[in-house]
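Down below is the structure, laid out as structure tokens.
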Amino acid sequence: MSGPRYTPLVESLPSTVPFVGPETQERARGRPFRARIGANESVFGPSPRAIEAMAAAAREVWKYCDPENHDLKAALAAHHGISPDNIVVGEGIDGLLGYVARMLVDKETSVATSLGAYPTFNYHVAGYGGRLVTVPYVDDHEDPESLLALAASEQAPLIYFANPDNPMGTWHDAAAVQAMIEAVPDATLLVLDEAYIEFAPEGTAPPIDAEDPRVIRFRTFSKAHGMAGARIGYGIAERNLALAFNKVRNHFGVNRMAQAGALAALADGAWLEHVRGSVAEACEGIAAIARANGLTPLATATNFVTIDCGRDQAYARAVLDGLIARDIFVRMPFVAPQNRCIRVTAGTADDLAILSEALPDVLASLA
């Protein structure tokens, strides 16, 4: 008996996802992690108002969600001073990246990104048969000029650019990003991933021009708002592009509780400020731990610190494996030369105490 007839494209793809989650690792190890500081989640959690709103919405979860995301779009529009017609809501930035790839990527379409940038974007491009073309990081930053030149030479319909960057935590100022937007080639769309923008210094994000057809800006409730498990994010785009998402999106993809939680989180600015302060304090603590052990923390505009281990991929991997063996979940960049580093998410005081105790032991074992 034969199995299903997969398309040639699907036959050619690996049966993997971009990230191995901590739960998968815990099952393989047979024990839980003591410190979960590797997935850039917010251990400080969502707003208490968001938790209350989601709990209340759970009583009505027998209903389908509002497929138009009307109330949340209206609130986001008011928050940003734009029209609801310029907003699209989806299942986190990851889901929205899949939709934009579906709309603009076909077999052998060239798509420009940085070598070692966020791999979920690459996953979606591959899933629609696209061809990734890449440029290297420069001084641990994505390089706007090289990305623009590559997109022009390849006639790429999409450029992916994250500011602040994941996995390095580095960033460009608003003037540099605006200059990049203004230099986007004709018939090309800049995908500007601003997942970490709430943690960035003032002057990192250029003013929003929602009707600029050259750029779509993606933001999320996963990071600063502490709702990674709820899967909800949004895009800000020229209204015809925002409307085009209705051709491909899962109209019931954002669940009812996530909509309610996001609406409440957006209204709780005091909690957001609390989280920002807690993250800044934790990142300073991680950097201090790194320096105390002879390692070099990179400046960050995110909720994680990338730590330069000072040698090569093999050594950084050994440091990472040593921490995992001591029940600390962390990650590292995938591509050289950035894979000389490990990446540690802002954690609680207890998380950092565990890291501070374990890291010298790991480094001593590698000496």
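Here is a yes/no grid of residues against (1) aliphatic (A, V, I, L, M); (2) under 21 Å from the mean Cα position of the chain (by Cα):
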{"site": "LEU272", "(1), (2)": "yes, yes"}
{"site": "SER278", "(1), (2)": "no, yes"}
{"site": "CYS283", "(1), (2)": "no, yes"}
{"site": "ILE286", "(1), (2)": "yes, yes"}
{"site": "ASN293", "(1), (2)": "no, no"}
{"site": "THR302", "(1), (2)": "no, yes"}
{"site": "VAL305", "(1), (2)": "yes, yes"}
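Screening ALA57, ALA50 for residues that are in contact with a His (Cβ under 8 Å, 6 or more places away or on another chain) and either small (Gly, Ala, Ser) or open to solvent by 50 Å² or more (accessible area, probe 1.4 Å) (or both) leaves exactly one candidate, ALA50. For segment 60-73, taking the residues that are assigned to a helix (DSSP H, G or I) and in contact with a strand residue (DSSP E or B) (Cβ under 9 Å, 6 or more places away or on another chain), the one that is least open to solvent (accessible area, probe 1.4 Å) is identified as LEU72.
Scanning segment 1-53 for residues that are in contact (Cβ under 8 Å) with a residue 24 or more places away in the chain and aromatic (Phe, Trp, Tyr) returns PHE19, PHE33, PHE44. A residue that is modelled with pLDDT of 95 or more, among the charged types (D, E, K, R), crowded, with 17+ Cβ neighbours inside 10 Å and not in a helix (DSSP H, G or I) cannot be found anywhere in segment 344-363. Close contacts from segment 199-221, counting a first residue that is under 16 Å from VAL184 (Cα atoms) and free of Cβ contacts under 8 Å to residues at least 60 places away in the same chain and a second that is among the small types (Gly, Ala, Ser) and open to solvent by less than 40 Å² (accessible area, probe 1.4 Å), with Cβ to Cβ under 6 Å and a gap of 6+ residues or different chains, come to PRO206/ALA174. Out of segment 96-126, which residues are of a type in the set (Val, Ile, Thr), assigned to a helix (DSSP H, G or I) and in contact with a Lys or Arg (Cβ under 9 Å, 6 or more places away or on another chain)? VAL125 - this is the single residue of segment 96-126 that is of a type in the set (Val, Ile, Thr), assigned to a helix (DSSP H, G or I) and in contact with a Lys or Arg (Cβ under 9 Å, 6 or more places away or on another chain). Within segment 330-353, residues that are within 15 Å of ASP308 (Cβ to Cβ) have Cβ atoms under 8 Å from residues that are open to solvent by less than 40 Å² (accessible area, probe 1.4 Å) and among the acidic types (Asp, Glu) in these pairs: GLN338/ASP140; ARG340/ASP308; CYS341/ASP308, counting only partners at least 6 apart in sequence or on another chain. Tell me yes or no: at least one residue of segment 135-142 is farther than 27 Å from ASP308 by Cβ, out of contact with any Pro (no Cβ under 7 Å at 6 or more places or on another chain) and surrounded by fewer than 16 Cβ atoms within 10 Å (Cβ to Cβ). No, segment 135-142 contains no residue that is farther than 27 Å from ASP308 by Cβ, out of contact with any Pro (no Cβ under 7 Å at 6 or more places or on another chain) and surrounded by fewer than 16 Cβ atoms within 10 Å (Cβ to Cβ).
Among the residues of segment 208-256, how many are surrounded by fewer than 16 Cβ atoms within 10 Å (Cβ to Cβ), over 26 Å from VAL275 (Cβ atoms) and β-branched (Val, Ile, Thr)? The total comes to 1. For segment 169-176, the criterion of a residue being more than 23 Å from TYR234 (Cα to Cα), open to solvent by 10 Å² or more (accessible area, probe 1.4 Å), outside any helix (DSSP H, G or I) and modelled with pLDDT of 95 or more is satisfied by no position.
For the residues ASP327, ASP308, the requirement of being surrounded by fewer than 19 Cβ atoms within 10 Å (Cβ to Cβ), farther than 18 Å from ASP139 by Cα, of a type in the set (Asp, Glu) and modelled with pLDDT of 95 or more singles out ASP327. Restricted to segment 265-314, and to residues there that are part of a helix (DSSP H, G or I) and in contact with a strand residue (DSSP E or B) (Cβ under 8 Å, 6 or more places away or on another chain), the residue that is farthest from ALA228 (Cα to Cα) is ARG291.
Residue selection: LEU320 satisfies the criterion of being open to solvent by less than 10 Å² (accessible area, probe 1.4 Å) and either at negative phi or in contact with a Ser or Thr (Cβ under 9 Å, 6 or more places away or on another chain) (or both). Could you go through segment 293-305 and let me know if any residue there is of a type in the set (A, V, I, L, M), within 17 Å of ASP351 (Cα to Cα) and either at pLDDT 95 or above or open to solvent by less than 40 Å² (accessible area, probe 1.4 Å) (or both). The answer is yes; a qualifying residue exists.
Once segment 6-47 is narrowed to residues that are under 19 Å from the mean Cα position of the chain (by Cα) and among the aromatic types (Phe, Trp, Tyr), the residue that is surrounded by the fewest Cβ atoms within 10 Å (Cβ to Cβ) is PHE19.
Check whether at least one residue in segment 21-29 is at pLDDT 95 or above, over 24 Å from ILE87 (Cβ atoms) and assigned to a loop (DSSP other than H, G, I, E, B), and report yes or no. Checked against the condition, which is being at pLDDT 95 or above, over 24 Å from ILE87 (Cβ atoms) and assigned to a loop (DSSP other than H, G, I, E, B), segment 21-29 yields no hits at all.
Scan segment 190-201 and give yes if some residue there is part of a strand (DSSP E or B) and of a type in the set (Asp, Glu), otherwise no. Before the answer, list the steps.
Step one: of segment 190-201, the residues part of a strand (DSSP E or B) are 190-193.
When the remaining residues are screened for being of a type in the set (Asp, Glu), the result is 193.
Yes, that holds for at least one residue.
Out of GLU91, GLU145, GLU108, I need the residue that is acidic (Asp, Glu), at pLDDT below 95 and either at negative phi or open to solvent by 40 Å² or more (accessible area, probe 1.4 Å) (or both). Which one? Before the answer, list the steps.
Working: GLU91 fails: at pLDDT below 95; GLU145 fails: at pLDDT below 95.
The conditions single out GLU108.
The values are calculated or read from the model by the stated rules, or taken from the named source; none is laboratory data. It should be emphasised that the depicted structure is a prediction, and the values quoted were computed from it without experimental measurement. Methodologically, a virtual Cβ is constructed for each residue, glycine included, from the backbone with ideal geometry; neighbour enumeration extends over all protein chains shown. Areas reflect the complete protein model, heavy atoms only, side chains present, ligands, DNA and RNA absent. Shrake-Rupley method; radii C 1.70, N 1.55, O 1.52, S 1.80 Å.
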